Amino acid sequence: MRMRMLMLGSATAAVALALAPATAQQDGYNPATMTFFVTSTGMGDGGNLGGLEGADAHCQALAAAAGAGDRTWVAYLSTEGEGGVNAGERVGAGPWVNATGVTIATDLAELHGENAIDKATALTELGMIVNGRGDSPNVHDILTGTLPDGTVAAGATCGNWTLATDDAAAMVGHHDLQGHPTTNFWNSSHESQSCSQAGVERFGGAGLFYCFAVAP
């Protein structure tokens, strides 16, 4: 009986470990070389990030808190209309490495092609894995407003990241490359339900976005 209970206990523990999201800091964490991360927190107001300026400041603040504030950080977000900019034009030339030193892309062509971004490599600035499909909560919807090639997804930028309303939407990517029946690009998978906080969260998001360092 005792052996059976031990076996049952071990099996239960194994199932719990399999279901639990990986949130511990990953081995090899080194913010000194980091030039790419997913924000560990959103800004709390859906798609209203205070425009590109507010989003960039959020990237910079998180990087600084992690010990990587000695370089210029920008958000991987596109805007549209007069003065609009494509996310792919904001992040420099590469290469980019994550918080554990893994190169996720060597240049822009690779970043928007066969890159190494997935759930295991799209870490936060703290070197932690971001919950994805199958985790609770799932927060794999990453705000980008961008198409797979790095250009703006017109009409899907939450008013150039100034709106948190129900009558607008944002293009999001899936950092874990899972969930959508046909399109699971890191930077472009589907539109959010809306730009409100609830709308951003509705399909599995938390208002997170990607940050890149453009200068050492």
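The values are calculated or read from the model by the stated rules, or taken from the named source; none is laboratory data. Everything numeric here is computed off the predicted structure, so don't read it as measured data. Cβ sites come from the backbone with ideal geometry, for glycine too, and all protein chains shown count toward neighbours.
For segment 170-184, give me each residue that is surrounded by fewer than 24 Cβ atoms within 10 Å (Cβ to Cβ), in contact with a strand residue (DSSP E or B) (Cβ under 8 Å, 6 or more places away or on another chain) and either of a type in the set (V, I, T) or over 20 Å from T39 (Cα atoms) (or both).
H180, T183
Kindly check whether there is at least one residue in segment 151-163 that is of a type in the set (S, T, Y) and not in a loop (DSSP other than H, G, I, E, B). Give the derivation first.
Of all residues in segment 151-163, those of a type in the set (S, T, Y) come to 151, 157, 162.
Then keep just the ones that are not in a loop (DSSP other than H, G, I, E, B); that gives 157.
Taking every residue of segment 151-163 in turn, at least one turns out to be of a type in the set (S, T, Y) and not in a loop (DSSP other than H, G, I, E, B).
Give segment 148-182 a look and list any residue that's of a type in the set (S, T, Y) and in contact (Cβ under 8 Å) with a residue 12 or more places away in the chain, or say none. Explain how you work it out, then say what you get.
Taking segment 148-182 and keeping what is of a type in the set (S, T, Y), we get 151, 157, 162, 165, 182.
Across segment 148-182, the qualifying residues are T151, T157, T162, T165.
With the checklist (1) modelled with pLDDT of 95 or more; (2) surrounded by fewer than 22 Cβ atoms within 10 Å (Cβ to Cβ); (3) of a type outside the set (A, V, I, L, M, F, W, C) in hand, flag the one item G47 doesn't pass.
Among (1) modelled with pLDDT of 95 or more; (2) surrounded by fewer than 22 Cβ atoms within 10 Å (Cβ to Cβ); (3) of a type outside the set (A, V, I, L, M, F, W, C), G47 violates only (2).
Just checking, does segment 206-214 include any residue being in a loop (DSSP other than H, G, I, E, B) and either farther than 24 Å from L52 by Cβ or in contact with a Gly (Cβ under 7 Å, 6 or more places away or on another chain) (or both)?
Residues of segment 206-214 in a loop (DSSP other than H, G, I, E, B): none.
There is no residue in segment 206-214 that is in a loop (DSSP other than H, G, I, E, B) and either farther than 24 Å from L52 by Cβ or in contact with a Gly (Cβ under 7 Å, 6 or more places away or on another chain) (or both).
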